[in-house]
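The block underneath contains the structure these notes are about, expressed in structure tokens.
The numbers here are math on the coordinates, done by the rules we state, and not lab data. From a predicted model like this one, the values you see are computed outputs, not experimental measurements. Because the Cβ atoms are built from the backbone with ideal geometry, glycine has one as well, and the counts that use them run over all protein chains shown.
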Amino acid sequence: MRHEQSEPVLTSVERRYGSSEHSKELQRRGAVGRGARGMRMAGQKLDVGVLKRAVAYLFRYKARCALAVVCMLVNAGVSVVAARFIGTLIDDYIAPMAAGAVDVPVLLSYILRLAAVFAVGVAAMFINSRSFAKVTQGILRDIRNDMFAHMETLPVRYFDSNTFGDIMSHYTNDTDTLRQLISQTIPNMFSAAVSMTATLVTMLLTSVWLTLFVIVFIVLMTMVTTRIGGASGRYFVAQQRKLGALNGFIEEMINGQKVVKVFNHEEKAMEEFDEANESLFGAARKANAFGALMGPIMNNMGHLQYVLIAVLGAMFVSLGLQNLTITGIAALTLGNVVAFLQLSRNFTQTVNNIAQQMSAIVMAMAGAKRVFDLMDEAPEVNEGAVTLVNSTEEDGVIRESEARTGTWAWKVRIGGETVYIPLKGDVRMSHVDFGYVPEKEVLHDITLYAEPGQKVAFVGATGAGKTTITNLINRFYDIQNGDITYDGIPVRDIRKEDLRRSLGMVLQDVNLFSGTIRENIRYGKLEATDEEVEAAAKLANAHDFITRLPEGYDTVIDGSGSSLSQGQRQLISIARAAIADPPVMILDEATSSIDTRTEAIVQRGMDSLMEGRTVFVIAHRLSTVRNADVIMVLEHGTIIERGTHDQLIAAKGKYYRLYTGAFELE
Amino acid sequence: MIRTLLKSLREYGKSAVLTMLVMTGEVLMETLIPYTMAQLIDQGFAEGNLPFIVKTGLVLVLYALVSMAFGSLGSLLGARAGTGFAKNLRGDMYHRIQAFSFANIDRFSTSSIITRLTTDVTNVQNAFTMSIRMAVRTPMTLIFSIVMTTFISWKFAVVTALAVPVLITAFVILGRKVFPIFMRVFKKYDRLNADVQENVRGIRVVKSFVRETYEEDKFRKTSGEIYSDFVTAERIMAWLNPVMMGTSYIMMLAIAFIGAYLIVGKDATTVSIMGETVTTGLLNSALSYTMQILMSCMGLSMVVIMIIMSRESMRRICEILKEEPAIRNPEDPVMEVADGSITFKDVNFRYSESAERNSLEDVDLEIPSGATVGIIGSTGSSKTTLVQLIPRLYDVSEGQVSVGHVDVRAYDLKTLRDAVSMVLQKNLLFAGTIRENLRWGNEHATDEEIREACRLAACDEFIANMPDGYDTFIEQGGSNVSGGQRQRLCIARALLKKPKVLILDDSTSAVDTATDARIRKSFREVIPETTKLIIAQRIASVREADMIIVMDNGRVIDVGDHDALMGRCAVYREVYDSQVKGGDGDAA
């Protein structure tokens, strides 16, 4: 059972896919099956803080938990009776019956009494399972809800810096291990602990020496199982690594299967696959074998213990050794030994049971820790006090209004006084520096202003910082240096909800939500009437294609919107922004995957959306920025040119060269 | 279905059978052990016979060791059989997939193929390993225990025999009730996950519309539904354990009563009624056999559940294994492609037999060897479909496509595809160095040939600027090179085949116009004898072509050079105008 210490030889697939983030993500997502749990187990320690928080969730259901404890105790009591009943039957009934001291009716009444006790036990068990279902599922629901609610408060940074698969696994794998912990492991541990204590006391009552022997034996057994467990853990890690590598290979190669065909690469692909598959088999076989060894070895060591105690006990008796019990010294009888045998067997089984649960606990703890880590992530800072209110204006005086007036004002408190500033859509940035991480500044000294109704365009290569600028205006990220103001108010002072309500966004990755098209458009304004929805769709040029769909506005789409074309999805997202009707719009238009004719339609939608608003537009096709009031050319986070189209063309600089196609944009 | 899967067992079949045999041995030992223990107690302890105790003890130790040996051997064999089976299944599927044509791949979709190769195999492996261990073990335990019980007293056997159908009926009833609920819950689970996914991916939308609370409410609703469904299901399942325990208690009591009756004959420890002898020890072991019978019933139901749960996975794997490749090598194939001329004759094409309309209709084309051909048309006009017929990625529905004056269906597939090199619209690089990626085109390409291809595709410069040059590692999906660079690398890879026909399916869309022009120029100069088909969005990319094919809605509506088309083709002019007016970099 020596494990291989030397670093195993890597196959070409493992070399390329072994350590990639991607295969880790696959594992997290659970694509590799149950083995993943074994992997996380390695090196984890029991974390008391995590356990406490998990138990706190249990405490939300105090009454049911108390009921469960009662039921379990009743059940444990009944099983003690059940375990002892043969002895009682023989000693108190069969023997006396044989001697003629007891009659059949007496035996019958004993059996009936027992039946009553057992019935109570079964009833307790039933009540417990039924009532506890609400606890486990309730806790799961609570945890999911808490997790999701908290996730919604997290800053965009969290979503940008954690992989999608990682975040998802909180809701799938981690919650699942937690479910096992709460619904199975904790109750099992509890009842195991109860019965273990009971058995131990009874054993001590019978014989201290024999009990000591049992304990020594169990320590021995634990040592053996730890060894096997360790080896199987190591092989599991190896298996997971190889499985991850193979899955990474599969994912990439199947995605590129058409390329494989075009290049006649099938033979080579099979060769590589076979090699990696064989290597996985080697590791998986060992991991599974060691995992399965535990059962028979534990079981039969239990048998050995039984024999040893029987022989030892019998020798005790025949040699007439003094027997020590916790109540004093008494003679050990053969009857005592027989009883002890049964007790020790139960005891060992319970210990084994707990040992096996331990690994489950450690794994569940790891899952729970990840869940709580998510809940501990710091939410977005939202210290702004300026709010957006409906307003009316009479004789130049702006007043707050309860009703929806269609006009808005910022409500600012200065000193003790409340001032109303009308919402116009004037955005300014001065000397803004920003980096996603402090060490690496990606925007340097950005200064720009957009007066109400103006159109500002950003042009530049991928990575020049175009999208980053728009992330700052709505405070998805906060700037390190400089100022950003909205209608003269620093954006930091505006309550985030209100700031974002005053800014519309159309992003290049169109994200729609599962539901009908109507619901998706209404997302921009939840109280919108059907007429408003249609008006917005018309504005976005989406009405035509929607009405041509079989179900019209009630067509159900899924999140990826696979039933719609890229252009159609973009049109819906434009309608969604249009219905919200904000004074400032940020358009990150992605039209590279749309052909020029479809683009023209999307463009018309975009154009009508821009009318009468302050607009920041990130242009991928230069045709769309021609009529901008000002065009900013960005390079490496700095504005290198600014001006109108004609000015920039005349300047014959970078913009001119971009425009004439001498540079790659993407 | 299961037979199809088991064909993949091959060399591990022996291990699987041995596992079952060894398990039988283990079960035999496990059945003997309680009986021997009973003897130890009955005869050893009742009479205080130490030598007998030691002797029986030794026998027991032997049994335990044999049982341990069998058990361990079973673990090793079972692991070998299970993981080996999984290996073969994966391998067989993968090999099968390599024979798939594009039509087969489309039918399954890549993501579903990946699931089948990963998750589904794992599921089947688990079910299989469990089955070979349990499928023999539990029925054997059941049989042996019943035999032993009968051996002790047939009356006990009758009691247990009565309990088994009761339990099985209970399992079936509960299963039937709960199964549909679980199916429903799993669907809702998917919805919950979809909710989370949409929120994680679309967090910017959620936040910019300030819809956090709205999303939370939506999520709460779904998680609430899952809660109530699960509670309903678990409340039904709550019957399971009590039924089990209840039955076992009843059995215990019945056996005890009968036992007591039997034992109480002439003396306290043994009795003989109707030729049956029962002792207290035997009574004890009868009870433990009862428990074993119950446990094996449980085990059996577990196996059934496992198999049912993996049934869907099994079905999905079978689908792959049974899928017939839509395109096969012809018998007696043509092994050489004469030149790069291409002919389409009365070609109709639909992606599937059931498709309502043809994706290509009535296509007739004559392309001379060495020509440069541009293909223009809006999204969905079947440009890609047209060129995919040339390397026989799909077969025509009607008509004929020829390369080098021979029907493509007559060629050896490898020969044809080596002669017709295609850069797909969805161009992909694979994890590995640039050199490794390029060698896909020609495994034995020399460094000089690689450099030459890169010069042609205008990627020599940026490769030279990379830290490790041609040994630069490309991440999965080619994420560490830009879109334009990736496209150029894919072109170089295709060039390394030294093809007679080169097809570029919108392969320079992210390449700047100047470089694009440079690539076209070197094509003209360096590989004039290669037929070049270029699908493009930009008029500039096809403007100088010898002939331009204009496609609309699955039909070729016009063929001619730029000037001719400008004169007579409205669609072509429309595209041209939209780009020139739109200033797509081409106005100047």
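Could you pull out the pairs from A:Lys369/B:Lys218; A:Lys261/B:Lys497; A:Lys424/A:Lys466 whose alpha carbons sit more than 19 Å apart here? Before the final figure, lay out the partial values.
Details: A:Lys369/B:Lys218 26 Å; A:Lys261/B:Lys497 14 Å; A:Lys424/A:Lys466 24 Å.
Exceeds cut-off: A:Lys369/B:Lys218; A:Lys424/A:Lys466.
Among DSSP bridges having both ends in the protein assembly as shown, what percentage is antiparallel? Round to the nearest 5. Please list the in-between numbers first.
Values: 60 of 98 bridges.
Looking only at bridges with both residues in the protein assembly as shown, the antiparallel portion is about 60 percent.
What relative contact order, as a whole-number percentage, does the range B:435-588 give when Cα pairs under 8 Å and 6 or more residues apart are counted?
Values: 168 pairs, mean separation 27.0, N = 154.
Value for the range B:435-588: 18 percent.
5 Å is the cut-off here: which amide hydrogens, built 1.01 Å from N in the peptide plane, fall below it relative to B:Ser507, excluding neighbours closer than 5 in sequence?
Sorted by chain and number, the residues that satisfy this are B:Ile535.
If you take the charge dipole of the protein assembly as shown about its Cα centre, with +1 on Lys and Arg Cβ and -1 on Asp and Glu Cβ, which of A:Leu503, A:Gly230, A:Asn173 is farthest toward its positive end?
A:Gly230
Residue by residue through the range A:248-256, what is 3J(HN,Hα) from phi via Karplus (6.51 cos²θ - 1.76 cosθ + 1.60, θ = phi - 60°)? Round to whole Hz and write x for glycine and proline.
Listing the rounded values in order: x, 4, 4, 4, 5, 5, 5, 4, x Hz.
Given a cut-off of under 8 Å on Cα pairs at least six residues apart, what relative contact order in percent is computed for the range B:422-522? Write down the numbers at each step before the final one.
Values: 140 pairs, mean separation 43.6, N = 101.
So the answer I get is 43 percent.
Give a residue-ordered list of calculated ³J(HN,Hα) values for the range B:110-118 (Karplus: 6.51 cos²θ - 1.76 cosθ + 1.60, θ = phi - 60°; whole Hz; x for Gly, Pro).
4, 5, 6, 5, 4, 4, 5, 6, 10
With unit charges on the beta carbons (Lys and Arg positive, Asp and Glu negative) and the dipole taken about the Cα centre of the range B:342-581, which residue among B:Thr385, B:Gly484, B:Gly374 sits farthest to the positive side?
Positive-end residue among those listed: B:Gly484.
Given 0.36 nm per residue, what is the gain on full extension from A:Trp209 to A:Ile326 after removing their alpha carbon distance, in nm? Can you show the working numbers first?
Numbers: separation 117, 0.36 × 117 = 42.12 nm, distance 1.05 nm.
So the chain would gain 41.1 nm between A:Trp209 and A:Ile326.
Report the calculated FRET efficiency for B:Met335 and B:His95 (r = Cβ-Cβ distance, R0 = 30 Å), to the nearest 0.05. Intermediate results must be reported in sequence, preceding the final value.
Values: r = 24 Å, r/R0 = 0.79.
Efficiency, from the Cβ-Cβ distance: 0.80.
List B:Arg524, A:Arg16, B:Arg350 from most exposed to least, where exposure is judged by having the fewest other Cβ atoms within 10 Å. Don't skip to the end; give the middle numbers.
On the way: B:Arg524 12, A:Arg16 25, B:Arg350 19.
The order, fewest Cβ neighbours first, is B:Arg524, B:Arg350, A:Arg16.
Quick one: pull the percentage of alpha-carbon pairs in the range B:342-581 with a separation above 24 Å.
46 percent
Sticking with the crude label model, points 7 Å out along Cα→Cβ, report the distance from A:Leu549 to B:Asp346 in nm, one decimal please.
Placing both labels 7 Å beyond Cα along the Cβ direction yields 4.2 nm.
Would you mind getting the Kirkwood hydrodynamic radius of the range A:42-199 from its Cα pairs, rounded to one decimal in Å?
On the way: mean 1/r = 0.0514 Å⁻¹.
It works out to 19.4 Å.
About its Cα centre, what dipole magnitude does the range B:342-581 give when the only charges are +1 on Lys and Arg Cβ and -1 on Asp and Glu Cβ, stated in debye to the nearest 20?
Details: 30 positive and 37 negative charges, 45 e Å.
The dipole magnitude comes to about 220 debye.
Which listed residue (A:Thr516, A:Pro582, A:Ala310) has the Cα farthest towards the positive end of the charge dipole for chain A, taking +1 on Lys and Arg C-beta and -1 on Asp and Glu C-beta about the Cα centre?
A:Ala310
Can you give me the long-range amide H partners of B:Ala371? Hydrogens built in the peptide plane at 1.01 Å from N, cutoff under 5 Å, separation of 5 or more residues or another chain.
Residues meeting the amide H criterion: B:Lys532.
Below 12 Å, Cα to Cα, which aspartates and glutamates can B:Lys7 reach? Residues fewer than 8 away in the same chain don't count.
B:Asp92
Based on the alpha-carbon gyration tensor of chain A, what equivalent-ellipsoid semi-axes (square roots of 5 times the eigenvalues) come out, in whole Å, largest first? If you can, show how the numbers build up before the last one.
Values: eigenvalues 979, 211, 107 Å².
So the equivalent ellipsoid measures 70, 32, 23 Å along its semi-axes.
With every atom except the alpha carbons ignored, what do you get for Rg and Dmax of the protein assembly as shown, in angstroms?
Expressed in Å, the Cα Rg and Dmax of the protein assembly as shown come to 38.0, 123.
May I ask for the Rg/Rh ratio of chain B, computed from Cα atoms with Rh as the Kirkwood radius, given to two decimals?
Numbers: Rg = 36.3 Å, Rh = 30.8 Å.
For chain B, the value is 1.18.
Given Cβ point charges of +1 (Lys, Arg) and -1 (Asp, Glu) and nothing else, what value in debye, to the nearest 20, does the dipole of the range B:2-322 about its Cα centre take?
Numbers: 33 positive and 22 negative charges, 280 e Å.
Dipole of the range B:2-322, to the nearest 20 debye: 1340 debye.
Taking θ = phi - 60°, what integer Hz values does the Karplus form 6.51 cos²θ - 1.76 cosθ + 1.60 yield along the range B:239-244, in sequence order, with x for Gly and Pro?
Values, residue by residue: 6, 4, 4, x, 4, 4 Hz.
Under 22 Å from the Cα of B:Lys345, which lysines turn up, not counting those fewer than eight places away in the same chain?
B:Lys383, B:Lys500, B:Lys532
What is the magnitude of the charge dipole of the protein assembly as shown about its Cα centre, with +1 placed on the Cβ of each Lys and Arg, -1 on the Cβ of each Asp and Glu, and no other charges, expressed in debye to the nearest 20? Each step should come with its number before you reach the end.
Working: 130 positive and 139 negative charges, 906 e Å.
Computed about the Cα centre, the dipole is about 4340 debye.
So what is the diffusion coefficient of the range B:2-322 in µm² per second by Stokes-Einstein at 20 °C and 1.002 mPa s, using a Kirkwood Rh over Cα pairs? Walk me through the numbers before you get to the answer.
Details: Rh = 23.9 Å.
Roughly 90 µm²/s, to the nearest whole number.
Rounded to whole Å and sorted largest first, list the principal axis extents of the Cα atoms in the range A:297-407.
Result, largest extent first: 114, 34, 22 Å.
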